[in-house]
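Let me begin by presenting the structure, written as structure tokens, before commenting on it.
The values are calculated or read from the model by the stated rules, or taken from the named source; none is laboratory data. The shown structure was predicted, so the numbers you read here are calculated from the model rather than taken from an experiment. Every residue, glycine as well, gets a Cβ built from its backbone with ideal geometry; the counts of neighbours run over all protein chains shown.
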Amino acid sequence: MNTQKLQTNIAGLNGSIDIPGDKSISHRSIMLGAIAQGKTIVDNFLLGDDCLSTISCFEKLGVKISQDNNHVEIEGVGFDGLREPVEVLDTGNSGTTTRLMVGLLSGIPIHSCMIGDESIAKRPMKRVTEPLRQMGAKIDGREDGNFTPLAIRGGSLEGVHYQSPVASAQVKSSILLAGLNATGTTTVTEPHKSRDHTERMLRAFGVEVEENGLTVTIKGGQKLTGTTIQVPGDISSAAFFLVAGAIVPNSRITLKNVGMNPTRTGIIDVLVKMGARLEIENERVENNEPIADLTIQTSNLKGIEIGGDIIPRLIDEIPVIALLATQADGKTIIKDAGELKVKETNRIDTVVRELSELGAVIEPTDDGMIISGQKKQLTGGDVHSHGDHRIGMMLAVAACISNGEVNLTDSESISVSYPSFFEHLNVLIEGN
């Protein structure tokens, strides 16, 4: 584990950057391309560790995948062409790979075993294995299938109507992918709408998907046809520079080609409500996904309350929203976010611990946190990503407004979703 001395007391961030490809969409492009008939071409694919784990797993399933930087070509083999792997499928740090592949493999008559890293071994899998078992899936694993390693003996599935207790795109997508290979129809109803990249991309591959409010339905037996996908910039990655542009003095940053899927734009709503100087330009749609260019400037911010239906639309951005709130006027309350406890880390405890180390006034609650905005520089300190890429990036942005030395342990975790993060940060620092 490396310890990196972060740049602190930044005078300003200025310039323009292209945000790397969306992680969620990159994962799904490989999965759907693999089970499609014909070639799928993907541009602006995210070359992060998580997405590379997805490629590795499908290569072990007999799918030919070629890469040239962020240009990827997948020779689809259809469901019937996936072969039984001779090796364990290692999903690394990727919850998306793990949970979606369990659903996909449950309906294919092969045996497979899945394992991930230390973080994945702690993340709950029963949220997908339980509904999949209701469809007839044969899955075994630690604590009755709640933790990896998982063993899947794929076979015949029957469609179900599943009432999900959580708004989770991973849960919904896992069931829908299983439903593609099930008899009858498969329906998922959520308490709140989660991100809908799977539904949008299935349509791009020629699959009929029906949506009615919080309910999504798919008919089994449909075939996918290879297509071309242009992956938009990841708004979850853009969030770190949106916050940096709002809180670092003398800053103006333009982020190009950012995905603006309405199930993901909670961070935009929060910035606007807190008073950020944000411009949205060049709005367009590519491959069923909305895209825009975003410009953010140093802003006078006010504390707000964040909870309810917006939480699934910004769950991954809460660590950096907590940092944003430290620079607002007044108190910010984040609630209804208990899902943070089962991410790469318990992000409630981790965010509170690490920001407190830098002098923030922040306290945990059962389902969120309360941040007292100080509108002053943070202090220095020794901080730790705990192997969580989003915690690592949040702390690197926090260092920009810290007046003492900040040392980050395990900065390499950032490569999971944003390998060029520090390179882009340096571009904006030098642009000042």
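Worth a mention:
- Residue satisfying all of: in the range 293-318; of a type outside the set (Val, Ile, Thr) and buried (at least 22 other Cβ atoms within 10 Å of the Cβ); nearest to ARG264 (Cα to Cα) among these: ARG313
- Lone unmet requirement of (1) of a type outside the set (A, V, I, L, M); (2) farther than 21 Å from ILE35 by Cβ; (3) touching a Gly at 6+ places or on another chain (Cβ under 6 Å) for ASN282: (3)
- Test: residue in the range 391-400 that is in contact with a strand residue (DSSP E or B) (Cβ under 8 Å, 6 or more places away or on another chain) and surrounded by fewer than 21 Cβ atoms within 10 Å (Cβ to Cβ): no
- The residue of the range 28-77 that is surrounded by the most Cβ atoms within 10 Å (Cβ to Cβ), among those that are closer than 12 Å to THR228 by Cβ and among the small types (Gly, Ala, Ser), is SER29.
- Set GLY103, GLY92, GLY76: member being of a type outside the set (A, V, I, L, M, F, W, C), assigned to a helix (DSSP H, G or I) and modelled with pLDDT of 95 or more: GLY103
- Neighbours by Cβ (under 6 Å, 6+ apart or cross-chain): first from the range 187-207, touching a residue at least 12 places away in the same chain (Cβ under 8 Å) and assigned by TED's automatic domain parsing to the domain that holds SER174; second part of a helix (DSSP H, G or I) and surrounded by fewer than 21 Cβ atoms within 10 Å (Cβ to Cβ): HIS192/ASP309
- One residue from ARG195, ARG200, ARG284 being charged (D, E, K, R), in a strand (DSSP E or B), under 30 Å from THR295 (Cβ atoms) and out of contact with any Leu (no Cβ under 6 Å at 6 or more places or on another chain): ARG284
- Exactly one residue out of THR148, THR129, THR215 is under 26 Å from ILE235 (Cα atoms), assigned by TED's automatic domain parsing to the domain that holds CYS113 and either exposed (fewer than 15 other Cβ atoms within 10 Å of the Cβ) or under 23 Å from the mean Cα position of the chain (by Cα) (or both), and it is THR215.
- Options THR98, THR8; residue that is β-branched (Val, Ile, Thr), modelled with pLDDT of 95 or more, assigned by TED's automatic domain parsing to the domain that holds SER251 and not in a strand (DSSP E or B): THR8
- Residue within the range 306-318 that is in contact with a Leu (Cβ under 7 Å, 6 or more places away or on another chain), assigned by TED's automatic domain parsing to the domain that holds HIS386 and closer than 20 Å to LYS376 by Cα present: no
- Any strands (runs of 3 or more DSSP E) falling wholly within the range 211-266 and containing at least 3 residues that are in contact with a Leu (Cβ under 6 Å, 6 or more places away or on another chain), closer than 13 Å to ASP18 by Cα and modelled with pLDDT of 95 or more: 252-259
- Among the residues of the range 27-47, none qualifies, meaning not one is among the small types (Gly, Ala, Ser), farther than 18 Å from PHE205 by Cβ and not in a helix (DSSP H, G or I).
- Residues in the range 16-27 that are under 18 Å from LEU428 (Cβ atoms) and buried (at least 16 other Cβ atoms within 10 Å of the Cβ): 3 in all.
- Only listed residue being small (Gly, Ala, Ser) and over 26 Å from ALA167 (Cβ atoms), chosen from GLY431, GLY338, GLY368: GLY431
- Flag for THR298 being touching a strand residue (DSSP E or B) at 6+ places or on another chain (Cβ under 9 Å), assigned by TED's automatic domain parsing to the domain that holds ILE247, of a type in the set (Val, Ile, Thr) and more than 24 Å from HIS384 (Cα to Cα): yes
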